[in-house]
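S.K.: Please find one structure pasted underneath; my questions will follow.
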Amino acid sequence: MYPCLDPGAGGGEKSWTRSYGAGGPIGSHLDNEARLDKTLHLRPLGRGSESLRGSKLSSTLDVDSEEFDWAELERDLYHWTKVLRPVQWYPGHIAKTEKELKGQLKLMDVVIEVRDARIPVSTSHPQMDSWLGNRKRIVVLNREDMISKADRDAWASYYARQGTKVVFSNGQFGSGTLKLTRLAKELAVGVNIKRKSRGLLPRPVRAGIVGYPNVGKSSLINRLLKRRMCPAAPRPGVTRELKWVRFGNDLELLDSPGIIPMRIDDQSAAVKLAICDDIGERSYDVSEVAAILVQTLSRLPEVGNEALQDRYKVETEGRAGRIFVQKLALRLFNGDTNQASFRILSDFRKGKFGWVALERPPR
């Protein structure tokens, strides 16, 4: 039974777009964030708080992170999302991008597919394998700073077994860029050997950077180039056209807009995209997504009910995420569930719950 999500529970509430306009609650929420942090009397579970993670959190949870049943969580997510309005987002420029990108693929020596390290499966385009064929590929798991070393090790082992080259990166600070550059050149080393055998002059290696919206493609390119060549912002849909940029004398990079399926059949994946801000805000009900995030965090060994209660001073009731959001709204936002929902999502996206992966490799 999943009593926390009622199929009709959200019908009577105003959507956040109607309540706040096209911009949503973001502006007013961020203005109040410092005040609210003070009200909550809590500091973030920062990525340097090893002692806190190793003692307080682990000792209060019943399940060790290595023994956690991720398959069971996925089954629960499937049931939780069945009762929600489907999350779908396909801006007009994406169809044009897909067509242009397929045309550019034949020019690429290697493809760099960027994914969100918190949800590598959900940010893998289902048609990518068929588009690339036998073309050489590097998978970049960006935002490595938002997952634990155990998560990184698990994904590194998984991709090694698959024979896939993987690089962990942080596009904001540039970690992983040197390894990525070296690996791209190594994979494409045969290009100029073939050209030389035909009497042709060498040319730069051509690498296309592709992936879902807002996974950090443009930020990664800017870090590689050590200058701002591509527009980048922490929201989906900023890059709108394909753009080739030169990196030194021996590498050319193609920055591309985020591509996403016209229809997302896996709604568990769609909700995880919404939680991680990898899909447009207008595609989902913020209160429904926040409720599922609460239910998910309460199950994860790295967080759990106690951490949620400590952070927000709101008592959790099993897996009743919607009730938790409503209680937080009454406590801090005069009953406004949209503001409360955005607060929870914003805290997660900023890493205030610490290292939290929402997916682990399939066994």
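S.K.: Mind checking the full-extension length gain between Asp69 and Arg182? Use 0.36 nm per residue of separation minus the Cα-Cα distance, one decimal, nm. Could the numbers behind the result be given before it?
M.R.: Working: separation 113, 0.36 × 113 = 40.68 nm, distance 3.68 nm.
Result: 37.0 nm gained on full extension.
S.K.: With θ taken as phi - 60° and the coefficients 6.51, -1.76 and 1.60, list the Karplus ³J(HN,Hα) couplings across segment 215-223 in order, rounded to whole Hz; mark glycine and proline as x.
M.R.: 8, x, 5, 5, 4, 5, 4, 4, 6
S.K.: Mean projection of the alpha-carbon convex hull of segment 128-218 over all orientations, in nm²?
M.R.: Details: hull surface 28.8 nm².
Quarter of the Cα hull surface area: 7.2 nm².
S.K.: In what sequence, highest mean first, do 208-216, 320-328, 167-175, 154-162 appear when ranked by Cβ atoms within 10 angstrom?
M.R.: So the order, starting with the most tightly packed, is 208-216, 320-328, 167-175, 154-162.
S.K.: Using DSSP, restrict attention to beta bridges with both residues in segment 115-217 and report what percent are antiparallel, rounded to the nearest 5.
M.R.: Close to 10 percent.
S.K.: When N counts the residues of segment 284-338, how does its alpha-carbon radius of gyration compare numerically with 2.2 N^0.38 Å, as a ratio? Show your work: numbers first, answer last.
M.R.: On the way: Rg = 10.5 Å, N = 55, 2.2 N^0.38 = 10.1 Å.
The reported ratio for this selection is 1.04.
S.K.: Right, next: Once you have the Cα-Cα distance between Met128 and Asp265, take 0.36 nm times their residue separation minus that, and quote the gain in nm to one decimal.
M.R.: That pair, Met128 and Asp265, stretches by 47.7 nm at full extension.
S.K.: Quick one: plug the Kirkwood hydrodynamic radius of segment 239-280 (C-alpha pairs) into Stokes-Einstein at 10 °C, 1.306 mPa s, and report D in µm²/s.
M.R.: The Stokes-Einstein estimate is 125 µm²/s.
S.K.: Return, for the Cα atoms of segment 97-248, the radius of gyration and Dmax in Å, separated by a comma.
M.R.: Both quantities, over Cα of segment 97-248: 15.4, 49 Å.
S.K.: Pairs of alpha-carbon atoms within less than 8 angstrom and 6+ residues apart define the contacts here; what relative contact order does segment 251-338 have, in percent?
M.R.: Values: 63 pairs, mean separation 18.2, N = 88.
The normalised contact order for segment 251-338 reaches 21 percent.
S.K.: If you don't mind, another one. Assuming R0 = 30 Å, can you tell me the calculated FRET efficiency for the pair Arg195 and Ser157, based on Cβ-Cβ distance, to the nearest 0.05?
M.R.: 0.25
S.K.: Please give the residues of segment 128-163, grouped as numeric ranges, whose backbone N is less than 19 Å from a label point set 7 Å along the Cα-to-Cβ vector of Arg363.
M.R.: Within reach of a label on Arg363: 150-162.
S.K.: I would also like to ask the following. By average Cβ neighbour count within 10 Å, what is the ranking of 281-290, 180-189 from highest down?
M.R.: Per-residue Cβ counts within 10 Å, averaged per peptide and sorted highest first, yield 281-290, 180-189.
Each reported figure results from applying straightforward, stated rules to the coordinates on display, with no laboratory input. Since we're looking at a predicted model, the values are computed, not measured. Heads up, the Cβs are rebuilt from the backbone with ideal geometry, glycines too, and the neighbour counts pull from every protein chain shown.
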